[in-house]
């Protein structure tokens, strides 16, 4: 049977849906939450925050549904069921699967992509969406009709989660509106996408290969601090608390070596920052993609969405916001240097500009950020 047709306003050209069209998609029934109402504040400039449901399943291994439904796999791989209505602890290194409250009933032509929220990646909680009859994580096929499940794996800290907590986001798009490297150069010449020390990076200095690479900052502050590394044996981290948790129990400050370099310890989680400042104009959306150098020794660990307006100020009072980088070396110590490329941004066109851009007016936490820690923590003293 053919799926529903695209609602009016959603059938033009190619592009990512902005917040006002996500709201229209909810009204059209493409996204619903059954007996639960989707909070208006969960609609972001180019994405929708997805909520944990009532039950988490501790599973013995990660899996993709393939030809099956996720529920069929759960019956085989579930070790325990955990009630999230009053909150529960998820242990380090164990995979859990949670059915999200939001479900999709997409018409043909409308597809989805999921990513962890920035605050989720910054506490080293690995998440990815699993759907029925799929062999890909985080990719929601054109016309998908069914439930969404979130795999959650805490990697550094045991975490406390609860029903309705939002750990990841959904982006909806028509077609494949990805900018080519040539497109990125042309956009940057009209409206700079990358700044260094408040000046546009010269087009000739952009590093492009199916996306725009960012350089690493290892100069740090006046004390030589360049970021943080996760402490071992930290206390329980409550992901429902914001702005009040003492960071010292969870993070060690990281100071660079002479020569503005740093040796990463194997499998330790680091929070660092880009040297370049990113500016995403209103007609574009961006995504940080996981990146492995050819050597395979280093990984920027999480993908993530950059909404229209991140680092962008129409009034020109600031130029770009630096990106937080979640970094992990693999099996051997690995040396990184100031200015090294460690992550890549891809850009997509918006179907139309959002009515409201990313920024403090909608409670965005990381505009003009000078700190890598997530919004769960009190800001550390310099």
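Consider residue 39 carefully, then state whether it is assigned by TED's automatic domain parsing to the domain that holds residue 91, under 23 Å from the mean Cα position of the chain (by Cα) and surrounded by fewer than 15 Cβ atoms within 10 Å (Cβ to Cβ). So residue 39 passes the test. For the stretch 283-301, the count of residues that are at pLDDT 95 or above and not in a strand (DSSP E or B) is nonzero. Criterion first (modelled with pLDDT of 95 or more and crowded, with 17+ Cβ neighbours inside 10 Å) does residue 172 satisfy it? Answer is yes for this residue.
The conditions of being assigned to a loop (DSSP other than H, G, I, E, B) and not assigned by TED's automatic domain parsing to the domain that holds residue 267 are met by residue 66. The residues of the stretch 44-63 that are in a strand (DSSP E or B) and closer than 17 Å to residue 114 by Cβ, listed by number, are 48, 49, 50, 51, 52, 53.
Yes/no per residue for (1) in the same structural domain as residue 286 (by TED's automatic domain parsing); (2) surrounded by fewer than 19 Cβ atoms within 10 Å (Cβ to Cβ); (3) in contact with a helix residue (DSSP H, G or I) (Cβ under 9 Å, 6 or more places away or on another chain):
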residue: 73; (1), (2), (3): no, no, no
residue: 77; (1), (2), (3): no, yes, no
residue: 94; (1), (2), (3): no, yes, no
residue: 101; (1), (2), (3): no, no, no
residue: 117; (1), (2), (3): no, no, no
residue: 127; (1), (2), (3): no, no, yes
residue: 131; (1), (2), (3): no, no, yes
residue: 135; (1), (2), (3): no, yes, no
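No other residue among 234, 286, 249 is touching a helix residue (DSSP H, G or I) at 6+ places or on another chain (Cβ under 7 Å) and either free of Cβ contacts under 8 Å to residues at least 24 places away in the same chain or more than 21 Å from residue 337 (Cα to Cα) (or both) apart from 234.
The values are calculated or read from the model by the stated rules, or taken from the named source; none is laboratory data. Since the model is a prediction, treat every value here as computed from it, not as a measurement. So basically every Cβ, Gly included, is an ideal-geometry build from the backbone, and we count neighbours across all protein chains shown.
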